[in-house]
Amino acid sequence: MQHSQLREEPGQPPADAAAAAGEFVKAGKFGKALRLLLPLLRQDPSDIPVLDLTATCLVQVGDSRSAAKILEMLLEHDPGLPKAWGKLAAVRATSGDIEGAAQAYRQALCLQPDDVGLLAAFNHLEPFGQDSANADFLRAAAQEDGTPKPQKIQALFALGKIEGKAGDAATAFDYFALANKLKADGYDPAFQEAKVRAQLEADWPETRGGEVPGSPRLLFVTGLPRSGTTLVETCLTQHPDVASIGESEALSKTAAAVRRHAAAMHGDTGWWNWLGRLEPEELQQFRRLFWQCAFGQARPQAPVVIDKMPLNCFEMGLAHLLLPNARFLFLSRHPLDTGLSNFTTNFAAGNRFSCQLDWIGHMTRCVYRSARDYQAKLGEAMRVQSYEALVTAPEEQIRGMLTHAGLSWDKGCLSPEKNARSVRTASLMQVRESINTGALGKWQRYEAQLAPLKAALGGDEWIAQWQHWDRHAAETGRFAPDPR
């Protein structure tokens, strides 16, 4: 266990401590919950509800290996819990133990063979055959009117993966389309358009100092979801001087607080209208808020810390104002490959634009308009990283990223598959592989089905323009000017 640094809460009776820990978990305060739960476990290591709650908290704070040990203890006391086996499988998968995860899923399914969620999760690790009994069950669940909507979505995404693995691209895409049709809501193109337009029209002030001496340098890894951000994070955290806070909401929470403050002080709710109005003391207040949201009380000792939240790309300007020493990596991956990957991924939360091909096209254009504007505003603090260049010439590109972050070369960054850190994103299977070119050009199998995406992007003309930008980025780390 890696949490001996957590302080126990004094004077808390055991029964009240368990209830209070449960409330902390509901509120997302997992560190506080652990401070109550760990003493309870020392008193009674066989308390199944406490074991289960502790495992949940350990996963949330990024300690999947300890979470797995806790779940194994729980299952020693009561091996007949299919949900616990499923949770153990998921935890093992996040820490790279794919074989152990598969074994746990098999055990869970022995106890509960008709659980759509378990079948879909297992299928993510080891896609079932088209003619297998598991695939037949998923087809029945997808067609059954009585199947709850979340389970029907899971079944359809799993069937898409099964058919895609078997080489039937058309049928696979049909399943993904049916799943996304059930999910499609919540993306507002007009709002997204207005947000980017406000960024482009904003007058940007010069950055000033104010960071705490000795604080780590933040490296924000951004871009569209499924553009390669997790691969970059996994490569760079192989460096001994790099840590990561993963997909943190610290920047988005700070941005929301800044805008609420501006609205209260100035009665102005414009997206960037607060620029130039914040006094140094106010900037310092929001800088402290960011640090608190990102790290709590325990800041990493590494000189460079990665914050990898893809759509933080829209907030890079705020990050630069608050943290003038920060550096930014923006991932550029072929828009049709990125769009296909978003459309075929069942995100647990967020990324609502991924449910419709025209929405994906719109979001893609918004992201690149924003990023090209930020290149001018952030200057040398921002590097554009071509995904294709990274996987075809990894040493050259990783050297460039390390130099951008102010770090020396370390050959361990070429072996992300050896990284022992937990990965909880949709990319958890890909990052357990060595760097490879297998994800390039996948869109070509689905070219006919992706026609609405291509049209929303702006057709062949816009894609050719993107290719011009990306080739230049591969050579220079910067977007090229538009061809004249």
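At a glance:
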item	result
Top-ranked residue of region 193-242 - restricted to ones that are surrounded by fewer than 21 Cβ atoms within 10 Å (Cβ to Cβ) and of a type in the set (A, V, I, L, M), ranked as modelled with the lowest pLDDT	Val212
Residue count, region 266-284 (criterion: touching a Leu at 6+ places or on another chain (Cβ under 9 Å) and free of Cβ contacts under 8 Å to residues at least 40 places away in the same chain)	1
Number of the exception - Gly160 against (1) under 18 Å from Gly339 (Cα atoms); (2) part of a helix (DSSP H, G or I); (3) touching a Lys or Arg at 6+ places or on another chain (Cβ under 9 Å)	(3)
Unmet requirement for Ala480, which otherwise passes all of (1) touching a helix residue (DSSP H, G or I) at 6+ places or on another chain (Cβ under 6 Å); (2) over 26 Å from Thr171 (Cα atoms); (3) assigned to a helix (DSSP H, G or I)	(3)
Among residues of region 298-348, those that are assigned to a loop (DSSP other than H, G, I, E, B), touching a helix residue (DSSP H, G or I) at 6+ places or on another chain (Cβ under 6 Å) and within 27 Å of Glu461 (Cα to Cα), counted	2
Considering residues of region 169-200 that are part of a loop (DSSP other than H, G, I, E, B) and in contact (Cβ under 8 Å) with a residue 12 or more places away in the chain only, the residue nearest to Ala456 (Cα to Cα)	Tyr187
Looking only at region 349-370, and only at residues there that are out of contact with any helix residue (DSSP H, G or I) (no Cβ under 6 Å at 6 or more places or on another chain) and of a type in the set (Gly, Ala, Ser), the one that is surrounded by the most Cβ atoms within 10 Å (Cβ to Cβ)	Gly350
Matching option when the condition is over 23 Å from the mean Cα position of the chain (by Cα), modelled with pLDDT under 95 and of a type in the set (Gly, Ala, Ser), among Ala480, Ala420	Ala480
Selected residue [surrounded by 17 or more Cβ atoms within 10 Å (Cβ to Cβ) and over 27 Å from Pro225 (Cβ atoms)] from Trp274, Trp291	Trp274
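Rundown of residues vs (1) at pLDDT below 95; (2) over 23 Å from the mean Cα position of the chain (by Cα); (3) in the same structural domain as Glu380 (by TED's automatic domain parsing), yes/no style:
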residue	(1), (2), (3)
Leu275	yes, yes, yes
Pro280	yes, yes, yes
Phe295	yes, no, yes
Leu311	no, no, yes
Phe330	no, no, yes
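The values are calculated or read from the model by the stated rules, or taken from the named source; none is laboratory data. Note that this is a predicted model, so its numbers are computed, not measured. Every residue, glycine among them, receives a Cβ derived from its backbone with ideal geometry; neighbour counts consider all protein chains shown.
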